[in-house]
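Input: a single structure, listed below in structure tokens.
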Amino acid sequence: MPIPNERPGRPARIGLPRRFHILTFGCQMNAYDSGRLGDLLRFEGWAEAAALEDADFIFLNTCSIREKAEKRVIARLRSILPLKKGKPSLVVGVGGCVAEQEGRALLGLFPQLDIVAGPRRISEIPSLLRPNSDRQFPVVLSGDAQEGGPGDVPGLPPVPPRVLRQTGPTAFLTIMEGCDNHCAYCVVPRLRGPERSRDPADVLREAAGLVARGAVEITLLGQNVNSYRPRGSDGMGPGIPFVRLIKAMASALDVRRLRFTTSHPRDFPPELTRLFAEESVLAPHVHLPLQSGSDRTLWAMGRGYSYKEYLAVLKGLREANEGIAVSTDIIVGFPGESEEDFDLTLKAMEEIRFDSAFCFRYSDRPGTRAQAMPWKVPEADKASRLQRLIALQKEIGAGINRGLLGTVQEVLVEGRGREPGQLSGRTGGNKIVNFQGPDRYLGDFASVRILRTGPVSLLGGLPGGREGA
Ligand code: SAH
Ligand code: SF4
Ligand code: F3S
């Protein structure tokens, strides 16, 4: 059978809209970027393909935070590129942090690849795919867009509401991009660039649009969200720009829950802490990465706070809201971390009692300061420390969750659970609750009594209803 239209980017089936499929890896900021890229493509007449095989454009939005994340992306790409054999018009692109990190080198590995676009260049993709575009593939876009260009300010360019994706009850909203911290282990500042914050009016407009399309909860995103500082904010009167933004959102929007992530402990002034007492719309949960309980390791990591300083922030938060849930990130096996340093991390976990913790083995990343450090910790030691840390957190998480037995929690129902008839959502403290309930609760709040608990999730029931399966 003749192939109707072989030029890359042209639909394989004439008369139908071209279809895209986006695979997202990594953090919520990538999830947000993928959603916005979809909006931009719909604006240009594209439709979304449910299956990879039906797509005319496949885009992998990737993460390179740890070696394992990058390997996953490479393996996935290896399985996707053969699709081009049966469909020469198929365009395959890699975006996000692996694209920025590897750049042109990805083409050496995968010569069939059409587009490589770093996170600051994603908004340029739709124009490359226009039928009249004269750009020859492959195209590699990395670094910053031109000053004043579409990628100059974070957030992708606005599109008319008619093409915007449906939002569920929960939505992400990136308010700042990049990172000015230089934690010794981290690739983010190099891959995402320096901090750039969006204009507050722009953020409010987008948030109002999300609420109008059904968002009940909005999570404000940034690699370092609490250092939000838009251009010209110094002349905008007193107060911390991030605090002002949250207050403005709380008063101007009909939103039921606000969250933000990820915040850096160093940028947590009392004005921000107090918001957890003052603004009921702010969910009682904060994700505050500790990384290590040892000052020696924190210093080597370049985190910019001591364990004591971290505790002081936490104390303020718990004073503002006694029941606030706190989650964290911990790295084990940072170069030079001794058993004594690691013991201090275990002690910190016992002292603080996090609701949940994402625990990672240190991974050597290209171009970071830590990569060049001596005293690398052997893999076997990292593995053993990780195991001990996870076991301890499981015990602590289970204990905290047991304390919720019999309480009634306001659960925002995000979807169905695994069991038939089961719904699933999250409490203000970000705990997953599964319970049996009617579909009318989908996308809405339900008051759920907690009947059983585990280290990670909770099982509940509607008052007077049956227990979840
Ligand atoms: N901006 C956020 C999160 C960045 S990435 C912050 O500062 O907290 C999410 C987490 O990945 C980090 O908090 C850290 O715990 C982990 N991480 C980052 N680089 C890593 C590396 N090279 N090896 C292991 N874990 C890493
Ligand atoms: Fe990476 Fe540190 Fe910036 Fe977080 S604060 S993105 S860990 S450099
Ligand atoms: Fe990964 Fe880049 Fe996010 S490295 S964690 S996708 S900022």
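Taking the criterion of being open to solvent by 60 Å² or more (accessible area, probe 1.4 Å), touching a residue at least 60 places away in the same chain (Cβ under 8 Å) and in contact with a strand residue (DSSP E or B) (Cβ under 7 Å, 6 or more places away or on another chain), the residues of segment 27-73 that qualify are Gln28, Arg66. Scanning segment 298-337 for residues that are modelled with pLDDT under 95 and of a type in the set (Val, Ile, Thr) turns up nothing. Do we find a residue being assigned to a loop (DSSP other than H, G, I, E, B), surrounded by fewer than 19 Cβ atoms within 10 Å (Cβ to Cβ) and either in the same structural domain as Gln291 (by TED's automatic domain parsing) or touching a Cys at 6+ places or on another chain (Cβ under 6 Å) (or both) anywhere in segment 381-400? No, the conditions are met nowhere in segment 381-400. Within segment 349-380, the set of residues being open to solvent by 90 Å² or more (accessible area, probe 1.4 Å) and within 21 Å of Thr262 (Cβ to Cβ) comprises Arg353, Phe358, Arg361, Arg369. Looking across segment 246-258, the residues that are basic (Lys, Arg) and either open to solvent by less than 20 Å² (accessible area, probe 1.4 Å) or in a loop (DSSP other than H, G, I, E, B) (or both) come down to Arg256, Arg257. Within segment 78-93, none of the residues are within 16 Å of ligand 1 (Cβ to nearest atom) and either open to solvent by less than 10 Å² (accessible area, probe 1.4 Å) or outside the structural domain of Tyr32 (by TED's automatic domain parsing) (or both). Kindly establish whether Gly178 is of a type in the set (Gly, Ala, Ser), open to solvent by less than 20 Å² (accessible area, probe 1.4 Å) and modelled with pLDDT of 90 or more. Criteria met by Gly178.
A Cβ distance below 6 Å, combined with a sequence gap of six or more or placement on separate chains, defines the contacts here; from segment 197-213, residues that are over 13 Å from Ser251 (Cβ atoms) reach residues that are open to solvent by 30 Å² or more (accessible area, probe 1.4 Å) in the pairs Ser197/Arg229; Val211/Asp254. Looking only at segment 285-331, residues that are open to solvent by 10 Å² or more (accessible area, probe 1.4 Å), within 25 Å of the chain's Cα centre (by Cα) and within 16 Å of ligand 2 (Cβ to nearest atom) come to 9 in all.
Selection of first residues in segment 378-393 that are closer than 18 Å to Glu351 by Cα and of second residues that are polar (S, T, N, Q), restricted to Cβ pairs under 8 Å at least 6 apart or on distinct chains, gives the following pairs, ordered by first then second residue: Leu389/Thr345; Gln393/Ser356. One residue stands out among those in segment 201-245 that are assigned to a helix (DSSP H, G or I) and within 16 Å of ligand 3 (Cβ to nearest atom): the one that is least open to solvent (accessible area, probe 1.4 Å), which is Val225. The condition of being more than 14 Å from ligand 3 (Cβ to nearest atom), part of a loop (DSSP other than H, G, I, E, B) and modelled with pLDDT of 85 or more holds for only one of Gln136, Gln146, that being Gln136. For the structure I just gave you, tell me whether Val411 is open to solvent by less than 60 Å² (accessible area, probe 1.4 Å), among the aliphatic types (A, V, I, L, M) and in a loop (DSSP other than H, G, I, E, B). No; evaluated as a whole, the condition is false for this residue. Total residues in segment 262-279 satisfying the condition of being more than 17 Å from Tyr310 (Cβ to Cβ) and either open to solvent by 10 Å² or more (accessible area, probe 1.4 Å) or within 16 Å of ligand 3 (Cβ to nearest atom) (or both): the figure is 5. Scoring Leu282 on the criteria (1) more than 19 Å from Ile400 (Cα to Cα); (2) surrounded by fewer than 21 Cβ atoms within 10 Å (Cβ to Cβ) leaves a single failure, condition (2). Of the strands (runs of 3 or more DSSP E) contained entirely in segment 23-121, those carrying at least 3 residues that are aliphatic (A, V, I, L, M) fall at 91-95, 115-117.
The values are calculated or read from the model by the stated rules, or taken from the named source; none is laboratory data. Everything numeric in this text was worked out from a predicted model, so none of it was measured. Cβ: placed from backbone, ideal geometry, glycine included. Neighbour counts: every protein chain shown. SASA here: full protein model, heavy atoms, side chains in, ligands and nucleic acids out. Shrake-Rupley method; radii C 1.70, N 1.55, O 1.52, S 1.80 Å.
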